[in-house]
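The structure under discussion appears below in the form of structure tokens.
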Amino acid sequence: MTALSSLPAWQTTLSQAAQLRSIDLRQAFASDPDRAQRFSLKACGILLDYSKNRVDDAAMANLFALARATGVETKREQQFAGAAINITEGRSVLHTALRAPAGSVIDVDGANVVPQVQDVLARTAGFAEKVRTGQWLGHDGRAITDIVNIGIGGSDLGPFMVCEALRDFGSKQLKMHFVSTVDGWQLATVLEQLNPATTLVIIASKTFTTQETLTNAKAARQWLVNTLGDESAVAKHFVAVSTNAEAVSAFGIDTANMFGFWNWVGGRYSLWSAIGLPILLYIGETHFRAMLAGAHAMDQHFKSAPLEQNLPVILALLGVFYINGMGASTQLISPYNQPLHRLPAYLQQLDMESNGKSVRLDGQAVDYHTGPVIWGEPGINAQHAYYQLLHQGTELVPIDFIAALENPKSSLEHNTILLANFLAQTEALMRGKNEAEVRAELQAQGLTGEALEQLVPHKVFGGNRPTNTLLLDQLTPSSLGSLIALYEHKVFVQGVVWGINSYDQWGVELGKQLAKTIEAELRDPSIQGKHDASTNRLIDYVRKALN
Ligand code: F6P
């Protein structure tokens, strides 16, 4: 593999970033009336304005050259065509096939996967429709009123995020509940509100080996059987979504009640598959298909738009510019629409589990930074919490501002105030407030002399804080599908530039292994653990409380 440092475009990225670190964005806008227009584009109903970034034409041109030099276009072709680009697991990466129209041809090992995808989708949608319309009856003949999705990571975050985001499109008959953690409090708190006779439990696990999920699944099963007093009730109240039919069957769920997917769907890319069953149940087949279509539209855009006009490519390259060129280590996601409140958590897994890597595809250690820390909360609340640091702190934090223009449930009054704040923040972060402005402001308030001088430095805002503005026309199944796919492809492009495998997640294994060892030690005080002194002492402390 070519070392990134040997690429001229990489060296140029670093030197341009060093220069543009001190760009005066106010000046850049003032001297270039076309800047906002040139650094904006709209695709799939999403307007991206990236003009408030520390870039100029030369830097953008070089970043596109970097994408070409690192093989983004070739890798993109390979991924869409089903090549086994997840080399450490020997797998294709084909979440895009889950939203490809029926009739498309995408071969994996010589077989077209699209018909299987469409079959499972039709089966899953058919099941969801029966539940939604009250045709699927529980053990004692009553219709289902509550859905409990038991899953974690990709088997929880995507469906949960989408069900929250699309509440305006959701069923009024079905209540959705998501249980992920093995802190039994969560399951108990959900179950205590429910009647098992009208509850459907989805056990969602790609591997069907995840301890948290299986522990919750067993407890939920016991709750149901104990309360309904009949083992056979499980068939009407439990379904599974998994790639592991054997384990599903061993757990006691009839595989007739299982909805499958494939190992070429990564957990964090799986909401488009049968893992999306809670979404299907909640918003129904028409809206689910609209979400798939929105994602497919973004796939097509990503696949065919020139890099210079390509939303995911632009977002990815800007991220590389800040992470590698300016030392940014985090990326803030700031959605302004409340239904998107789980988007940052969803994107945390998508991005950090994908690009939290420090070896390249050839096994060599990287000598540059890779995936950033992703974080965020709905923006308007964040303004009253941590935005102070963004405006005047010492960290460089690139921010994606996301909002929808139309907000049918919100009054015009609310929406105008929301969007005014949304726009004002990106303006404030970019322009800042210089000493002369602060002085003039304070003088206008009647302050003079020492009192004025003391205050000036505290009231100065440096400005030049980079933001992307992403505006959806409206938050709909289709636009949400496009937005999620946009971030999926962004993560992919960054992974290609850094030469890493974005599709494995070996880093989560060690903790799981050690937890097994410690679990045995917590259960059996006679086992003498071989840990460091800190862990030994802590195990002892916890063991006393548990036994
Ligand atoms: O531990 C990490 C992980 O493997 C994620 O990649 C995945 O989304 C999650 O656990 C859940 O896995 P599963 O769907 O197999 O239960």
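What follows is calculated from the coordinates using simple rules that are stated; it is not laboratory data. This one's a predicted model, so the numbers in the text were calculated from it and none came from an experiment. For neighbour counting, all protein chains shown are included, and Cβ atoms are generated from backbone atoms with ideal geometry for every residue, glycine included.
Some notes on this structure:
- Sequence-distant aspartates and glutamates (8 or more away, or on other chains) whose Cα lies within less than 19 Å of Lys175: Glu129, Asp146, Asp156, Glu164, Glu192, Glu285
- 3J(HN,Hα) along segment 348-361: 4, 5, 3, 7, 6, 6, 7, 10, x, 10, 10, 10, 7, 4 Hz, from the Karplus curve 6.51 cos²θ - 1.76 cosθ + 1.60 with θ = phi - 60°, whole Hz, x for Gly and Pro.
- Applying the Karplus relation 6.51 cos²θ - 1.76 cosθ + 1.60 with θ = phi - 60° to segment 4-13 yields 3J(HN,Hα) values of 4, 5, 8, 7, x, 5, 5, 4, 5, 3 Hz, where x marks Gly and Pro.
- For segment 40-106: relative contact order, % (alpha-carbon pairs under 8 angstrom, 6 or more apart): 15
- Residue-averaged [θ]222 nm for the chain, counting only DSSP H segments that reach four residues, each worth -39500 (n - 2.57): -14500 deg cm²/dmol
- Footprinting exposure proxy for Thr535, Thr213 (fewest neighbouring C-beta atoms within 10 Å first): Thr535, Thr213
- Between the helical axis of 435-444 and the longest alpha-carbon principal axis of the chain there is an angle of about 80 degrees.
- With respect to the chain, whose longest principal axis is taken over its alpha-carbon atoms, helix 412-431 is tilted by about 50°.
- Under 5 Å between amide hydrogens, built in the peptide plane, is the criterion, and for Arg91 it picks out Asn86 among residues at least 5 positions away or on other chains.
- Sorted by Cβ neighbour density within 10 Å, fewest at the top, the residues Leu486, Leu475: Leu486, Leu475
- Pairs exceeding a 18 Å alpha-carbon distance, out of Lys206/Lys512; Lys52/Lys459; Lys172/Lys218: Lys52/Lys459; Lys172/Lys218.
- By the count of neighbouring beta-carbon atoms within 10 Å, fewest first, Thr199, Thr145, Thr426 end up ordered Thr145, Thr426, Thr199.
- Using only side-chain charges placed at the Cβ, +1 for Lys and Arg and -1 for Asp and Glu, the dipole size of segment 313-471 relative to its Cα centre rounds to 160 debye.
- Net charge dipole size for segment 477-535 [Lys, Arg +1 and Asp, Glu -1 on Cβ; Debye, nearest 20]: 80
- Working from Cα pairs under 8 Å separated by at least six residues, relative contact order for the chain is 19 percent.
- Candidate lysines for bridging to Lys75, where Cα separation is under 16 Å - those fewer than 8 sequence places away on the same chain excluded: Lys303, Lys490
- Cα-centred dipole magnitude for segment 191-345, charges only on beta-carbon of K, R (+1) and D, E (-1), debye, nearest 20: 200
- Rounded to 10°, Cα long-axis angle of helix 211-228 versus longest principal axis of the chain: 50
- In order through segment 310-326: 3J(HN,Hα) via Karplus (6.51 cos²θ - 1.76 cosθ + 1.60), integer Hz, x for Gly, Pro: 10, 4, x, 5, 5, 4, 5, 5, 4, x, 4, 4, 6, 5, 8, x, 10
- Three-way shape call for segment 366-477 based on the alpha-carbon gyration tensor, with the a/c threshold at 1.5: oblate
- Given charges at Cβ of Lys, Arg, Asp, Glu: the chain dipole, positive-most of Gln222, Gln16, Ala305: Gln222
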